[in-house]
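The values are calculated or read from the model by the stated rules, or taken from the named source; none is laboratory data. The structure displayed is predicted, hence computed values, not measured ones. All Cβ positions, even for glycine, are placed from backbone atoms using ideal geometry, and neighbour counts span all protein chains on display. The area values use the complete protein model at the heavy-atom level, side chains included, leaving out ligands, DNA and RNA. Shrake-Rupley method; radii C 1.70, N 1.55, O 1.52, S 1.80 Å.
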Amino acid sequence: MDTGTHVVMGLGIGALATLDPAIAQDPITAQSVLIGALIGSQAPDFDTVLKLKNNAVYIRHHRGITHSIPAVLTWPIIISSGIMLFYPETNWLHLWLWTFLAVFIHVFVDIFNAYGTQAIRPFSNRWVALGVINIFDPFIFLLHIGGLILWYTGTNPGYTFLTIYGVIIFYYFWRIYEQRKVINAVKERIPAAIEIIVSPTISWSRWHIAVKSESNFYVARADGTTITVQDEFERVPVPKTPVLESAKEDPNLSAFLSFSPVYRWEIEEKEAGYEVRFIDLRYRNKGHYPFVAVVQMEDQLEITSSYTGWVYSEDTLRKKLDIALD
């Protein structure tokens, strides 16, 4: 989920914790738990600092090891121990339990969007992305805001957020049901489909769809269960040519390939060399595919410039490649 949603979820978990008698009867522990829940709800995303290095490192590692099983177990210990330095009278066990819940829920809800996480690492480095909830869901966010307002006006915070989380659990099951309807509609529309990747949008009824068949890629949109095919591409395997093998050594393209499950590729021969482009088909936006990896190289296959990330115009891409060249 987005940072704002994780923040309000942290506050919501802190409010829910007031149902715990050990917290309700101890103001110091209650304050510590609220701080722990807030930090715990953000901790797995501390790897966002990797973006300061470059996009390739960020794309390859974001939502990776910091969302893994060892991290989910380690973050609460680190956070709780740090808080205990300032609040030594706190009940450490209950602080750890509620901080752990905040970290766990962060990773758990991230599984349900289209980006996913490596949540089952170290058992597998596979990205788990269920594609049920948009990265920002107004319904979930506004439910939390409403609960926080009720808390501020004097309503019992524990029972308020117990009710809210009951509604959210029902909401998740409903979204899973709606996604299954969309997938079944895609199978009817494209019987040759062997893999269907569904990405939710901010609208409840609209979904982005990428489909693999044995011979083609299809890019489609669902409005309810009405499927509209927007693009169709021949599925051409990436050959082992010197140009492509050299391009795949580039960190930006390597990061792209580690993240993207469905893409097409193209090579353009330039006066002074080659430009290799890989295009993720999951994120079509107004006829444009904004998530790409581009590698430029000389005739001797020496890489001169590369970029991976989100670009919404060719001019912007050229500027980023020029910056990388410098």
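Observations on the structure shown:
- Inter-site label distance for TRP92 and TYR172 at 7 Å from Cα along Cβ, in nm: 3.1
- Area accessible to solvent at THR228, 1.4 Å probe radius, in Å²: 50
- Tail weight of P(r) past 17 Å, computed on alpha-carbon pairs of region 183-234, percent: 24
- Dimensionless Rg ratio for region 3-174, taking C-alpha atoms and the 2.2 N^0.38 Å reference: 1.05
- Percent accessible area from carbon and sulfur atoms, region 242-324, protein chains only, probe 1.4 Å: 46
- For GLU268 and TYR115, the FRET efficiency from 1/(1 + (r/R0)^6), where r spans their Cβ atoms and R0 equals 30 Å, is about 0.55.
- For the chain, the dipole from Cβ point charges (+1 on Lys and Arg, -1 on Asp and Glu) about the Cα centre works out to 860 debye, to the nearest 20.
- The residues of region 242-324 present an accessible area of 49 Å² per residue when probed at 1.4 Å with all protein chains retained.
- Using the average count of surrounding beta-carbon atoms within 10 Å as a protection proxy, the listed peptides 196-202, 30-36 rank, highest first, as 30-36, 196-202.
- For the chain: lysine pairs under 23 Å (alpha-carbon distance), excluding those fewer than 8 apart on one chain: 20
- Each residue was assigned an accessible area with a 1.4 Å probe, and for ASP2 the value is about 40 Å².
- Figure note: GLU249, GLU298 ranked by solvent-accessible area, largest first, 1.4 Å probe, ligands and nucleic acids not counted: GLU249, GLU298.
- Amide proton proximity set for ARG206, modelled H, under 5 Å, gap of 5+: THR201, GLY224
- Computed E for LYS53/THR3 - FRET, C-beta separation, R0 25 angstrom, nearest 0.05: 0.80
- Region 181-229: GluC sites (Glu not before Pro) in DSSP coil with no more than 10 other Cβ atoms inside 10 Å: GLU214
- Inter-site label distance for LEU162 and ALA24 at 7 Å from Cα along Cβ, in nm: 0.8
- Relative contact order, percent, region 3-174 [alpha-carbon distance under 8 Å, six or more residues apart]: 26
- Between the residues ILE28, VAL132, ILE164, the greatest Cα displacement towards the positive end of the dipole of the chain, with unit charges on the Cβ of Lys, Arg, Asp and Glu, is found for ILE164.
- Dipole orientation for region 242-324: of the candidates HIS288, LEU257, ALA272, HIS288 has the Cα lying most toward the positive pole (charges on Cβ; Lys, Arg +1; Asp, Glu -1).
- DSSP loop trypsin sites (Lys or Arg not before Pro) with at most 14 other Cβ within 10 Å: longest gap in the chain: 127-234
- Per residue solvent-accessible surface (Å²) - region 14-79, probe of 1.4 Å: 45
- Long-range amide H partners of SER305 with built H, under 5 Å: GLN296
- Counted charge near ILE267, where neighbours are those whose Cβ lies closer than 11 Å (Asp, Glu -1; Lys, Arg +1): -2
- Listed values (i) 196; (ii) 117; (iii) 154, entry calculated as volume of the Cα convex hull per residue in Å³: (iii)
- Distance histogram for region 57-104 (every C-alpha pair counted, 5 angstrom bins, percent rounded to whole numbers): 5, 22, 25, 17, 13, 9, 5, 2, 0
- In the chain, Cα pairs under 8 Å separated by at least six residues give a relative contact order of 13 percent.
- For region 223-228, Karplus couplings with θ = phi - 60° (6.51, -1.76, 1.60), whole Hz, Gly/Pro x: 10, x, 10, 8, 9, 10
- Computed from the C-beta positions of ASN216 and PHE46, the FRET efficiency with R₀ = 41 Å rounds to 0.50.
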